[in-house]
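Contents: one structure, followed by commentary.
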Amino acid sequence: MLHRLVLTAAASATAALSAVPTASAAPADPASAVPASASATGLATTAYGESVLRSLTRMPPPASVEDSGDRLTVTIHDAGGDADGTYELRCHPGGGSHPDVSGACQKLDRSTTWGKDPFAPVPPGTMCTMLYGGPATAHVTGTWAGRPVDAKFDRADGCEIARWDALVPLLPETHV
């Protein structure tokens, strides 16, 4: 998803820049000519002090799937059954040892919106029901949507249960 966003932005910028005059083009107004020399940043300055982008530098693709920005390690303890263990999850493209790569990636994609962190802890001072959801714990580390992740989960009260359940199937469904 992030890769598509970058490609769309690059294509839009390329289209916009195709209309920008360069030093070799004959300007309609000689006072607005772009000088032949450009700075190291790729910007040239017009007679009016305006900056004009002379070339588009594209971000290189990741060297390999392992360098992708969507890579998580999920460690589960005391969830019962065969859910305990450490799993790798890669999305865009999907891969890894997680038992439900497709479902986990889809859940994270739906949970990732502007201004909302799907891994955020329960805010301090939040009133939570005094429910106990069992001894299960999880630790999620890695990178998601270009941001580092280091989140711990448990089922100690109603808020933590809801936080856990919001990320099923990334985290295993538990039945207590």
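I need the chymotrypsin sites (Phe, Trp or Tyr not before Pro) found in the stretch 107-162, filtered to DSSP loop residues with at most 15 other beta carbons within 10 Å of theirs.
Within the stretch 107-162, the qualifying chymotrypsin sites (Phe, Trp or Tyr not before Pro) (loop, at most 15 other Cβ atoms within 10 Å) are Trp114, Tyr132.
When a/c is below 1.5 the answer is rounded, else prolate if a/b is larger than b/c, else oblate, so apply that to the stretch 110-176 with a ≥ b ≥ c taken from the square roots of the Cα gyration tensor eigenvalues.
prolate
Per residue, how many Å² of accessible area does the stretch 105-176 show with a 1.4 Å probe?
On a per-residue basis, the stretch 105-176 sits at 61 Å².
Read phi for every residue in the stretch 156-172 and hand back ³J(HN,Hα) as whole Hz from Karplus 6.51 cos²θ - 1.76 cosθ + 1.60, θ = phi - 60°, with x for Gly and Pro.
Rounded to whole hertz, the list is 6, 8, x, 5, 5, 4, 5, 5, 4, 4, 5, 10, 6, x, 4, 9, x.
Keeping all protein chains in position, work out how much accessible area Val122 exposes to a 1.4 Å probe, and write it in Å² to the nearest 10.
Result for Val122: roughly 40 Å² accessible.
Compute the separation of the alpha-carbon centres of the stretch 85-119 and the stretch 143-163 and state it in Å as a whole number.
Distance between centres, Cα-based: 13 Å.
The values are calculated or read from the model by the stated rules, or taken from the named source; none is laboratory data. Just so we're clear, the structure is a prediction, and the values are computed from it rather than from any experiment. All Cβ positions, even for glycine, are placed from backbone atoms using ideal geometry, and neighbour counts span all protein chains on display. Ligands, DNA and RNA are excluded from the accessible area calculation, which covers all protein heavy atoms including side chains. Shrake-Rupley method; radii C 1.70, N 1.55, O 1.52, S 1.80 Å.
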